[in-house]
Amino acid sequence: MGGAPVMVQPPSPDGGRQVTIGGEFVGIAYHLLDVVELLRRTGLPETDTTVDDPILIEWRGGGPQAWTAAK
């Protein structure tokens, strides 16, 4: 597959970030806990350290702290 299996896109104007797992859209996250919940629903690890694991998650347009669109 190449790259991280979880992809979190840059924040949209409303702050939501599209999340894909294995190339499939799984939802929109509006904060970090949403990402954790999406991981849980798909059976992936959901620990706090997981969100900082670049092997698992690729954060585009800012890391797990970025929830507003760039101006």
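Assorted remarks:
- Of all DSSP beta bridges in the chain, antiparallel share, percent nearest 5: 75
- Cα→Cβ-extended label distance, 7 Å offset, between residue 20 and residue 68, nm: 2.8
- Relative to the longest principal axis of the Cα atoms of the chain, the long axis of helix 32-41 lies at roughly 30 degrees.
- When the Cα positions of 56, 42, 70 are compared along the charge dipole of the chain, 70 comes out farthest toward the positive end, with charges on each C-beta of Lys, Arg, Asp and Glu.
- Interchain or long-range residues, amide H under 5 Å from residue 69's placed H: 15
- Residues whose amide H lies under 5 Å from that of residue 27, counting only those 5 or more places away or on a different chain, are 19; hydrogens are built 1.01 Å from N in the peptide plane.
- Highest mobility in the GNM of the chain, judged by mean-square fluctuation with C-alpha springs under 10 Å and restricted to 27, 43, 61, is found for 43.
None of the figures in this text is laboratory data; all of them are computed from the coordinates on show. No experiment lies behind these values; they were computed from the predicted model shown. Here Cβ is always computed from backbone atoms with ideal geometry, including for glycine, and neighbour counts include all displayed protein chains.
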